[in-house]
1. List every residue pair whose Cβ atoms sit under 8 Å apart, with the two residues 6 or more apart in sequence or on different chains, where the first one lies in region 283-296 and is touching a residue at least 60 places away in the same chain (Cβ under 8 Å) and the second, anywhere, is among the acidic types (Asp, Glu) and open to solvent by 40 Å² or more (accessible area, probe 1.4 Å).
2. Could you run through region 1-28 and say how many residues are open to solvent by less than 10 Å² (accessible area, probe 1.4 Å) and away from the ligand (no atom under 16 Å from the Cβ)?
3. Within region 154-273, considering only helices (runs of 4 or more DSSP H) that don't extend past its boundaries, which have at least 2 residues that are near the ligand (Cβ under 10 Å from one of its atoms)?
4. Take the residues of region 313-332 that are among the aliphatic types (A, V, I, L, M) and surrounded by fewer than 17 Cβ atoms within 10 Å (Cβ to Cβ): which is nearest to residue 253 (Cα to Cα)?
5. Looking at region 83-98, is at least one residue under 30 Å from residue 290 (Cβ atoms) and in contact with a helix residue (DSSP H, G or I) (Cβ under 6 Å, 6 or more places away or on another chain)?
6. Considering (1) under 25 Å from residue 74 (Cα atoms); (2) aliphatic (A, V, I, L, M); (3) touching a strand residue (DSSP E or B) at 6+ places or on another chain (Cβ under 9 Å), say which one residue 156 fails and leave the rest.
7. Please specify each residue of region 129-143 satisfying the condition of being in contact (Cβ under 8 Å) with a residue 40 or more places away in the chain and within 11 Å of the ligand (Cβ to nearest atom).
8. Across region 97-117, which residue is modelled with the lowest pLDDT among those that are open to solvent by 40 Å² or more (accessible area, probe 1.4 Å) and assigned to a loop (DSSP other than H, G, I, E, B)?
Amino acid sequence: MKRIVLTGGGTAGHVTPNIALLPRLRELGYDVHYIGTYDGIERDLIETLGIPYHGISSGKLRRYFSLRNFTDPIRILKGFKEARSLMKVLNPAIVFSKGGFVTVPVVYAAKSRKIPVIIHESDMTPGLANKLAIRTAAKICCNFPETVGLLPEKKAILTGSPIRQELLSGNKINAQNFLSFTGDKPVILVAGGSLGAVSVNEAVRSALPELLKTYQVVHLCGKGKLDKALEGTTGYAQFEYIKEELKDIFALADLVVSRAGANAICELLALRKPNLLIPLPAKSSRGDQLLNAASFEHQGFSMVLNEDDMTTSVLVERINCLYEKRQDFIQNMQNSGQQNSIDAIIDLIEDLHL
Ligand SMILES: CC(=O)N[C@H]1[C@@H](OP(=O)(O)OP(=O)(O)OC[C@H]2O[C@@H](n3ccc(=O)[nH]c3=O)[C@H](O)[C@@H]2O)O[C@H](CO)[C@@H](O)[C@@H]1O
């Protein structure tokens, strides 16, 4: 049996594209194993799917000062030793890495055992972990045309980002029942990225009295970020993180207000959901979401609101404007020619180890 190791973690954006590949990999008879951290979000997301999960120790590669910069190298070395022995025991035909810090020891361990590695970069500019992984990779898949020129010529391939196909077959009525929503007001889905976003949460919650006059709001607010005071508010439902019900909620949503994480925005495009993006600012990231959002705005798929300009009234005004213009955005997204990333990546996997 062909064995493949998938790896990726830290945030859901480094896991859901791997999940999207699972049905095709299973169909093709792959024995799929996953390597992630002992306690990251990937463990919960993958174990519930019945995939053998192997935890390794991981440290964060920071570009800023932290006391943990002194202990994390030890963890990374431990992770590397663990990854090496896993590679020996599992002996996969191939490794597919979606990025995140945990993947660095995994791809180096694979390379040291001459196991081919494919890495995938969702953002316009490669993240630190993927930058370190480039030299181990036989092929590097990317999501934005702009990224190809930033990568070694012979390795880069534009594949897009794999999207979980079940998201395309949600059922509105199931979502209405699940959320206790009615059919008489449009629905806004607010998604602050897989970990939530405090500033988006606060802005949306302060705009709620105004928004709930016209819309119903379902809010994915991130772990530990529920607001107890809002429990039981008619037309408002909040969750830390949603799994199976996401497809139905997407089907119900008329508009989406979202961070500009690369996978989230590709899903919005695939689902033709008119969206207002509030990218993570450069002060708290390498600025990748600003680039993602600008690209989508330029292509006519999204409206963008910069966090620094976000007040309660501006947020409400932009949402109303998006609702009025929603058909234009849907039309632009229908004309996008977004490619089927799952097929492209599966072909690469098959080619590389045959
Ligand atoms: C803070 C941070 O580092 N953000 C990065 C992270 O974002 P993040 O992890 O938020 O990643 P994305 O927005 O790209 O993807 C989030 C994924 O989680 C799913 N989801 C989310 C909420 C929920 O309740 N249920 C659910 O299933 C979404 O459908 C999507 O598939 O990785 C992205 C891809 O490298 C980057 O572009 C982001 O800049």
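The values are calculated or read from the model by the stated rules, or taken from the named source; none is laboratory data. What you see is a predicted model; the values in this text were computed from it and never measured. Cβ placement follows ideal geometry from the backbone for every residue including glycine, while neighbour counts extend to all protein chains displayed. All accessible areas refer to the heavy atoms of the entire protein, side chains included, with ligands and DNA or RNA removed. Shrake-Rupley method; radii C 1.70, N 1.55, O 1.52, S 1.80 Å.
1. 291/146; 295/146
2. Matching residues across region 1-28 total 3.
3. On the way: elements: 172-179, 198-214, 246-252, 262-270.
Filter on region 154-273 gives 246-252, 262-270.
4. The selected residue is 330.
5. Yes - at least one qualifying residue is present in region 83-98.
6. If we test residue 156 against (1) under 25 Å from residue 74 (Cα atoms); (2) aliphatic (A, V, I, L, M); (3) touching a strand residue (DSSP E or B) at 6+ places or on another chain (Cβ under 9 Å), just (1) comes out false.
7. Matches in region 129-143: 129, 143.
8. Only one residue fits best here, namely 101.
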